[in-house]
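The values are calculated or read from the model by the stated rules, or taken from the named source; none is laboratory data. What you are looking at is a predicted structure, and each value in this text was computed from that prediction instead of being measured. With ideal geometry, Cβ positions are generated from the backbone for all residues, glycine too; neighbour counts draw on all protein chains shown.
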Amino acid sequence: MSFDYGEANKEQRFAIETTDGPLLIIAGPGTGKTYTLVKRVVYLITECSVNPEEIMIATFTEKAAKELITRITNELLNIGISININEMYIGTFHSICLRILKEHLEYTRIKKNYRMLDNFDQQYMVFQKINEFRKVEYFDTLFPNATGAWRQAGTIVKYVNNLSEELVNIEAMQMDSDESVVAIANIMDTYYFILEQDNLIDFASIQTETHRLLLNHPEILEEIREKIKYVMVDEYQDTNYIQELLVFLIAGENVNICVVGDDDQGLYRFRGATIRNILEFPGHFEEGICKQVKLVTNYRSEKQIIDFYNEWMKTTDGRAYDFLWKNFRFDKKIVPGKKNYSEKTAVLKCSGKEIPEDWYEQVLNFILNLKKKGILTDYNQIAFLCRSVKNDKVIDLIEYLEDHDIKVYSPRSEMFFKRKEIKEALGCLLLCFPEYISKLRDRDFKFDFRELYDYYGNECIKAAKELIQNNKDTIGKWITEKMKKHSNLSRDNADYAFTGLLYQLFQFEPFSEYLGIEMKTGVVDERPARNLSILTSILGKYEYLHRIDVFTESNIEQAVERFFNMYLRFLIDGGITEYEDDTEYAPSGCISFMTIHQSKGMEFPVVMVDSLNAAPRINSTAVIEDIENKYFHRSVFESREDIKYFDFWRLYYTAFSRAQNLLVLSCCEKNGRGATPSKYFEEFYNKLPDYEDVNLEDIILEKVKPVNIKDTFSFTSHIALFENCALQYKFFKELGFTQVRVGATLFGTLVHETIEDVHRAAMRKEESTIIPENIRDWFDTNYTTLSKSEHSYLGQAQIEAAYKQVMRYVERTKKDWSIIQDAEVEVSLVKSDYILMGKVDLIRGEGDTVEIVDFKSEKKPNVLIETEEMKRYRRQLEAYAHLIEEKTGKSVSKMHLYYTGEENGVPTISFDKSNTSIGATIQEFDKVVEKIQKKDFSGRAKDKNLCANCDMRHYCKRKEAK
C-alpha cells in the first residue's frame, strides 16, 4: 500500500521523504509545519521501518509536544499501528533532558527527591539566602546603591540564567581584571553550591547537568545514541547554545538531524536563544550534505494579510531608521495557498484620537459592528495582541469591554489579586488574625508598604466585611471563633495552618458557590474556582518553604506577618498568572488578550495588534556584553546595533502573521513626544483604511479550530482517584487544588525507593554490592532527601521498621537477582481520544515468559475477602500485563502484589493473567475516562473513611447539611 501524503504539497513531500542525513526545513507562518512533521514521523515508521523509540522530537512548548503526540498516535492508529508512547523521546528540551537525568540519576550531582524551582521559587530561594551572596567578593560593584534584597535576588537570577546555559568558565571569570565580572562568577559559584547542598534544580541546570552527564559518561551517551537514530527539532530558531550542543551530541556521527523553524519568528533572545543556530545549521556539514527546503505556501491568511507582512520584512528603512538584513535571514516570500482567498480588504485600522477612552469606544464599536452584522459568530474569533498585557492601558481596555458585557480571556494580565473571589478570601483570612489586623490599622510594622496595606484594608477586608454583613450567623460567626482561637493558642495549638484555614472557609457562601460550579460552563465562569485553587497552592508553598504545619503560640505572629507583609507582597508585585487551558487556547464566548510571544504558533480569524507606540530597544548591559566577548564559546553573531531592529521586526512579523481573515492595527493615536503610532509603523499604518470606511459585510470569518490534544491519565492518580470519589477528582485533579501535606506516604516511599536502588544495582550486574552496608547507605540517603523534600520526618521506630521491610525483601529475593529484567517500567495505552499511563515496579523472569510485580509497603490483607480496592489492583495489573506483552513481545504468566509489611507468611497475592478479561478491563477504563471527559463529577465516596482526611470535608458536610 502506498504512503498517504494527504494534501501535502511538493515541498512538504520532499521534507517528509528526506529521512537520511541532515535536513533544514524553513517553515514560514501557516505553511503546515506540524502537518509535515507528523507525516514525516509516520513515514519513518511505516516506510523506513524505523522503531518509534528510535525517534526523538524536541519541541519548544509542552503544548506543541502534546499536539504532536496526539496527531502521530492518531495517524498510526488509523493504519492499525499501536505504539508505547513512553518509548519515544517527544517533549521540550527540558522534559527530554529531565527524563535522561532521571534514568541515570546516580551518575549526577542530583539526588532523588530533588526540588524543581520555577521562576518565583528561584528568586525566593536567592532572597532567603541573600546574605550568603552578599558575602562574595566585589558584590557591591554590582549593587553600588542601596537595593532591597528582593531586587538583588532578581538581578542575581538574571545573571545566573543568562550565563549558565552558555557554559561559561567560572574559574576563568574569577581571574578577570574586572571586579564586576569576578563578582558575577562568585555569585554563580555560590548559587551552584546552594543547588547541590539543598538538592535543587532549576530550568537551566536541567540542560547543563544533562550535558555534563553525557560528556563525563561516554557509556551513557553511547547507550542513548544506540536508542536514538533520528533527531527532529521544532522551532530551531529559538534554541540556545547548549541545546545545539545537545542535538549534535546525541545525534553523534549518525547526523540524521532534521531541524524545523522560521528565522523570521525568532523571539526569545532574552532567554538566550540565538538565530545563528538555524542560519548556521548547514555549515556544520560538508557542502552539499545538508538538504534544505522552504515551506512558503501559506494556508492560513488572506492574500492581503500575507502581502502586508511580506512588505513589513522587506522595508528596512524609513524616517530616522535604516538597517539591512544581510546574511541574518533566509530570503523568502510567503505566498497564499488558500483555494478561495478573498480580494476584499483584509488589513485595516481601528483607532482612537488622543484620549484612551475614545480608543476603548472605537474598539468596542468595531467588535459590536462585526457582531451586529453577523460576521462575528463567537467572540473567540478575535485576539488582541500586544507586547505586554500588564500595562494599565491594556488592563483598562479589558475592564471597559467587560463592563460592556464582553467576556475577556487574559490569564497573563496579572489580574489575579484584583479578582473578587481572591479579595474576599484574603479578607476573611486577614480577619482571622486580630493581632495582625490591629497592627495593620495602626501601620505598626517595621516597613511602610503603603500600597500593600491599602490593598488589604480598602479592598480585601472591605470585601470580607460585606460578606459578613450578609452572613453574620455563618461566616461571621466562624471568623469570630477563629479570632478567639488565634488570640489564645497558649491553651491548645490549632490543628491547621493557612491552607487548612482556607479549606474550612470553603464551606461558606459565596466560596461554596464558586466551588460548586458545573465544569461545563467555560473558563471565565470557572475562573473563581480555579483562582481559589491557585490560592491554595500559594498558601501550601509558603507553609512548605517556612515549615509551618500548624499555628502555635510561638509561630503564629511571625508566620502571619511574614506571609502578608513579605511573601504575598512579592507575589503581588511580580503578578500571578491565572489558569490557562492547553486544550482551549481561545475559549468560546471570550475575546483573547495575549502577548505576541504568547500567540506564537496560534491563529485567529481576527487579530488586533496594539503596542504601535513601541520602538526597537537594546536589551543588554555592559558587564554581560563584556562576559559575552570574553567567555562565551562563540563570538558575537549579529551586529549589536542591528539586533534591536532584527528583533523588533521579527516580533511584529509574528504578530501580523497570526491573522487568518482580518488584521487590524489598533491604537490611541497621539502626536508629538511619544507619538503613536511610532515612526516604525507610521508608513504602514497611514496607508490603511479605517474600519468605518470599509464595507465589512462581505467578510467571512472562519471558526476557531479546536485544539487537538489527547488527555493523559494515569492508573493510580487519575482512574483510582475518580473511582474512589469523583468530587475529589474534580477538586484535586481537574481544578488542581493543593492538598495539605500528609507525611503518611513518607514511609512507603522510603521503602519503595530503596528497593528500587537494589533493583538498579542488580540490573547493572552489581549483585556483589547488594550487601547490608550499602543498602543502609541507600536507605539513609533516601530518607535524608525525602525528609528534606517533604519537610516531614519519621520516628526512629518507624525508620527501623521501614529498613526491616527492605531487608526482609532482600533476604527473600537475594538468590534470584539474575531474573530481574527491568524495574520502574513506564507503559502507555494509546486510545483514539486519550492515553493511559502507568509504571510497573518490577519485571522478572527467564526466557520468553515474565512476571510483573507491584509493591505495597503494608501488611498483606485477608485474601479471602475481595474488596473493591483489590479488584482495582487486579484490573491495573491486567492492563500492565497486556502492555508489557506488547512492549517486550514476551508472555506474562503471573501478576503479583508484593506486601513488604508481611513478616512471616507468603508476602504476595498472585493472579493468573487472563487474555479474556483484558478487553473488559479496558472497557472499564473507557467508562471512567468518558465520565472524566464529560466532566461528570457527581459521584461521591462510598468509603466514608476517605472523607475523614479529605481537605474538602468541611465543604462537603455543609453541602450535605443543606
Residues being closer than 23 Å to PRO29 by Cβ and either surrounded by fewer than 19 Cβ atoms within 10 Å (Cβ to Cβ) or not polar (S, T, N, Q) (or both) - total across the stretch 219-263: 12
Answer residue from the stretch 280-297, given it is closer than 12 Å to PHE330 by Cβ and out of contact with any Phe, Trp or Tyr (no Cβ under 6 Å at 6 or more places or on another chain) and is surrounded by the most Cβ atoms within 10 Å (Cβ to Cβ) among those: LEU295
Residue list for the stretch 208-265, filter: without any contact (Cβ under 8 Å) to a residue 60 or more places away in the chain and of a type in the set (Lys, Arg): ARG225
Search result, residues across the stretch 53-65 that are under 23 Å from GLY261 (Cα atoms), in a helix (DSSP H, G or I) and more than 12 Å from the chain's Cα centre (by Cα): GLU54
All helices (runs of 4 or more DSSP H) inside the stretch 218-307 with 2 or more residues being farther than 26 Å from GLU625 by Cβ and of a type in the set (A, V, I, L, M): 218-227, 241-251
Yes/no for SER512 being surrounded by fewer than 20 Cβ atoms within 10 Å (Cβ to Cβ), of a type outside the set (Phe, Trp, Tyr) and outside any helix (DSSP H, G or I): no
Near pairs, Cβ below 8 angstrom, 6+ apart or cross-chain, from the stretch 787-802 (in a helix (DSSP H, G or I)) to any residue that is of a type in the set (D, E, K, R): LYS788/ASP198; SER789/ARG115; GLU790/ARG741
In the stretch 613-636, the residues that are surrounded by 14 or more Cβ atoms within 10 Å (Cβ to Cβ) and either in a helix (DSSP H, G or I) or charged (D, E, K, R) (or both): VAL623, ILE624, ASP626, ILE627, GLU628, LYS630, TYR631
ASN216 over 25 Å from the mean Cα position of the chain (by Cα) and either among the basic types (Lys, Arg) or outside the structural domain of SER635 (by TED's automatic domain parsing) (or both): yes
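To keep it simple, each residue is scored yes or no on (1) of a type in the set (Ser, Thr, Tyr); (2) within 21 Å of GLU824 (Cβ to Cβ); (3) not assigned by TED's automatic domain parsing to the domain that holds GLU868.
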{"site": "TYR880", "(1), (2), (3)": "yes, yes, no"}
{"site": "GLU885", "(1), (2), (3)": "no, yes, no"}
{"site": "THR900", "(1), (2), (3)": "yes, yes, no"}
{"site": "ALA920", "(1), (2), (3)": "no, no, no"}
{"site": "PHE925", "(1), (2), (3)": "no, no, no"}
{"site": "ALA941", "(1), (2), (3)": "no, no, yes"}
{"site": "ASN945", "(1), (2), (3)": "no, no, yes"}
{"site": "ALA948", "(1), (2), (3)": "no, no, yes"}
Conditions (1) surrounded by fewer than 22 Cβ atoms within 10 Å (Cβ to Cβ); (2) touching a residue at least 12 places away in the same chain (Cβ under 8 Å): number failed by LYS10: (2)
Among the candidates GLN558, GLN504, residue that is free of Cβ contacts under 8 Å to residues at least 40 places away in the same chain and closer than 23 Å to HIS486 by Cβ: GLN558
Filter pass, THR345 being among the polar types (S, T, N, Q), surrounded by fewer than 14 Cβ atoms within 10 Å (Cβ to Cβ) and touching a residue at least 12 places away in the same chain (Cβ under 8 Å): no
Among the residues listed as ILE843, ILE865, ILE884, the single one being farther than 23 Å from PHE747 by Cα, β-branched (Val, Ile, Thr) and assigned to a loop (DSSP other than H, G, I, E, B): ILE865
Unmet requirement for TYR680, which otherwise passes all of (1) over 23 Å from ILE306 (Cβ atoms); (2) part of a loop (DSSP other than H, G, I, E, B); (3) of a type in the set (Phe, Trp, Tyr): (1)
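Here is a yes/no grid of residues against (1) under 21 Å from THR654 (Cα atoms); (2) not in a loop (DSSP other than H, G, I, E, B):
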| site | (1), (2) |
| --- | --- |
| ILE572 | no, yes |
| THR577 | no, no |
| ASP581 | no, no |
| PRO587 | no, no |
| SER592 | yes, yes |
| MET602 | yes, no |
| VAL607 | yes, yes |
| SER611 | yes, no |
Among the candidates THR754, THR749, THR785, residue that is among the hydroxyl-bearing types (Ser, Thr, Tyr) and either surrounded by fewer than 16 Cβ atoms within 10 Å (Cβ to Cβ) or in contact with a Lys or Arg (Cβ under 6 Å, 6 or more places away or on another chain) (or both): THR785
Selection within the stretch 96-142 - assigned to a loop (DSSP other than H, G, I, E, B) and either exposed (fewer than 15 other Cβ atoms within 10 Å of the Cβ) or free of Cβ contacts under 8 Å to residues at least 12 places away in the same chain (or both): ASP118, LYS135, GLU137
Residue check for ILE395: closer than 21 Å to THR480 by Cβ, free of Cβ contacts under 8 Å to residues at least 60 places away in the same chain and surrounded by 15 or more Cβ atoms within 10 Å (Cβ to Cβ): no
Filtered residue count, the stretch 507-518, keeping only those that are touching a residue at least 60 places away in the same chain (Cβ under 8 Å) and over 17 Å from LYS482 (Cβ atoms): 6
Residue that is farthest from ASN113 (Cα to Cα), among those in the stretch 744-784 that are touching a Phe, Trp or Tyr at 6+ places or on another chain (Cβ under 7 Å) and acidic (Asp, Glu): GLU767
ALA879 in contact with a Cys (Cβ under 9 Å, 6 or more places away or on another chain), surrounded by 12 or more Cβ atoms within 10 Å (Cβ to Cβ) and in contact (Cβ under 8 Å) with a residue 40 or more places away in the chain: no
Residues that are under 30 Å from THR155 (Cβ atoms) and in contact with a helix residue (DSSP H, G or I) (Cβ under 7 Å, 6 or more places away or on another chain), drawn from the stretch 611-625: PRO616, ARG617, ILE618, ASN619, VAL623, ILE624
Considering residues of the stretch 514-540 that are of a type in the set (D, E, K, R) and at pLDDT below 95 only, the residue farthest from the chain's Cα centre (by Cα): GLU518
Candidates ALA172, ALA185, ALA204, filtered to the one that is surrounded by fewer than 16 Cβ atoms within 10 Å (Cβ to Cβ), part of a helix (DSSP H, G or I) and not assigned by TED's automatic domain parsing to the domain that holds ILE250: ALA172
Flag for GLU354 being closer than 16 Å to CYS590 by Cα, touching a strand residue (DSSP E or B) at 6+ places or on another chain (Cβ under 9 Å) and surrounded by fewer than 16 Cβ atoms within 10 Å (Cβ to Cβ): no
The stretch 896-954 - residue that is modelled with pLDDT of 90 or more, outside any helix (DSSP H, G or I) and of a type in the set (A, V, I, L, M, F, W, C) and, of those, farthest from the chain's Cα centre (by Cα): VAL906
